[in-house]
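See structure below.
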Amino acid sequence: MAAEIINEISEFLQKGRAKNVKVLVEEALAQGIDPKEILNDGLLAGMMVIGGKFKRNEVFVPEVLVAARAMTAGISILEPKLVEIGNEPIGKVVIGTVKGDLHDIGKNLVAMMLKGAGFEVIDAGTDVDADTFINKAEEIGADAICMSALLTTTMPYMKTVIDTLKERGLRDKYIVMIGGAPVNDTFAEQIGADFYTADATSAAEAAKAAVLARK
């Protein structure tokens with residue numbers, strides 16, 4: 001029965017059916033199923049399936065957004081139980097669009113995929129300056145700083161953030177990831193970022209691998 005209901009949670013999440021996900025998560029808890037199992041094998045597994053389809057262009061942004069909404073609905077029911085049993089996220093990430101840039105769809109997708117991969121995500125929003133990125137990371141004890149830029153005019157600011165980290169003697173403390181339409185591997189190398197990824201799913205996969213490698 002447990003496997004069946006967890007499978008249903010994953011399937012309804014992929015279809016973006018938030019109400020069904022909520023009801024099934026409540027049902028699974030009532031049956032005494034481990035909240036971690038519901039989270040990992042139901043909600044997060046479903047989100048990773050959507051992430052894979054998104055990467056292969058089998059689904060698009062609207063489908064990802066409704067699936068993410070369904071995941072959030074399920075997590076809102078699970079959260080108190082996970083806190084009770086002391087479930088630790090695999091890591092903490094600060095994400096934002098850099099100073100001067102107000103685009104947020106790409107950033108939001110990456111934030112959702114990171115949550116789907118088991119991260120605690122602090123979204124600093126758009127038009128974020130270097131000190132805000134760094135202070136937030138310091139405040140929450142983040143593992144990674146993720147920056148997005150959609151304009152060729154704002155992407156150089158990513159280097160400013162990295163230079164500020166160096167000035168403050170904090171560069172080695174954080175995994176620095178960058179992304180966005182005008183950004184590529186060469187640019188990442190030039191400015192000294194640790195990772196560039198082309199899409200939200202790859203970003204979550206790279207972040208997970210990098211954080212686990214450090215532990």
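The values are calculated or read from the model by the stated rules, or taken from the named source; none is laboratory data. This one's a predicted model, so the numbers in the text were calculated from it and none came from an experiment. Here the Cβ positions follow ideal geometry from the backbone for every residue, glycine too, while neighbour counts run over all protein chains shown. For the accessible areas, the whole protein counts, side chains as well, though only heavy atoms, and no ligand, DNA or RNA atoms are used. Shrake-Rupley method; radii C 1.70, N 1.55, O 1.52, S 1.80 Å.
A count restricted to the stretch 19-67 and to residues that are closer than 11 Å to I6 by Cβ, open to solvent by 20 Å² or more (accessible area, probe 1.4 Å) and of a type in the set (G, A, S) stands at 1. Scanning the stretch 186-212 for residues that are in a helix (DSSP H, G or I), of a type in the set (A, V, I, L, M, F, W, C) and open to solvent by 30 Å² or more (accessible area, probe 1.4 Å) gives A209, L212.
For K166, indicate whether it is basic (K, R) and either part of a strand (DSSP E or B) or buried (at least 23 other Cβ atoms within 10 Å of the Cβ) (or both). No, not satisfied.
Any residue in the stretch 84-100 that is more than 28 Å from V176 (Cβ to Cβ), open to solvent by less than 20 Å² (accessible area, probe 1.4 Å) and among the small types (G, A, S)? No; the residues of the stretch 84-100 include none that is more than 28 Å from V176 (Cβ to Cβ), open to solvent by less than 20 Å² (accessible area, probe 1.4 Å) and among the small types (G, A, S). One residue alone among D199, D143, D172, D185 is within 24 Å of F54 (Cα to Cα) and modelled with pLDDT of 95 or more, and that residue is D185. Residue by residue through the stretch 103-152, note down the ones that are buried (at least 19 other Cβ atoms within 10 Å of the Cβ), among the acidic types (D, E) and part of a loop (DSSP other than H, G, I, E, B). D143 - this is the single residue of the stretch 103-152 that is buried (at least 19 other Cβ atoms within 10 Å of the Cβ), among the acidic types (D, E) and part of a loop (DSSP other than H, G, I, E, B).
Of the candidates G46, G42, G91, G16, the single residue that is touching a residue at least 24 places away in the same chain (Cβ under 8 Å) and within 19 Å of D123 (Cβ to Cβ) is G91. Listed by first and then second residue, the pairs with beta-carbon distance under 9 Å, at least 6 apart or on different chains, first residue in the stretch 128-146 and closer than 14 Å to K92 by Cα and without any contact (Cβ under 8 Å) to a residue 40 or more places away in the chain, second among the basic types (K, R) and part of a helix (DSSP H, G or I), are E138/K173.
Could you check the stretch 173-185 and list, in sequence order, the residues that are more than 19 Å from D163 (Cβ to Cβ) and assigned to a loop (DSSP other than H, G, I, E, B)? The answer is A181, P182, N184.
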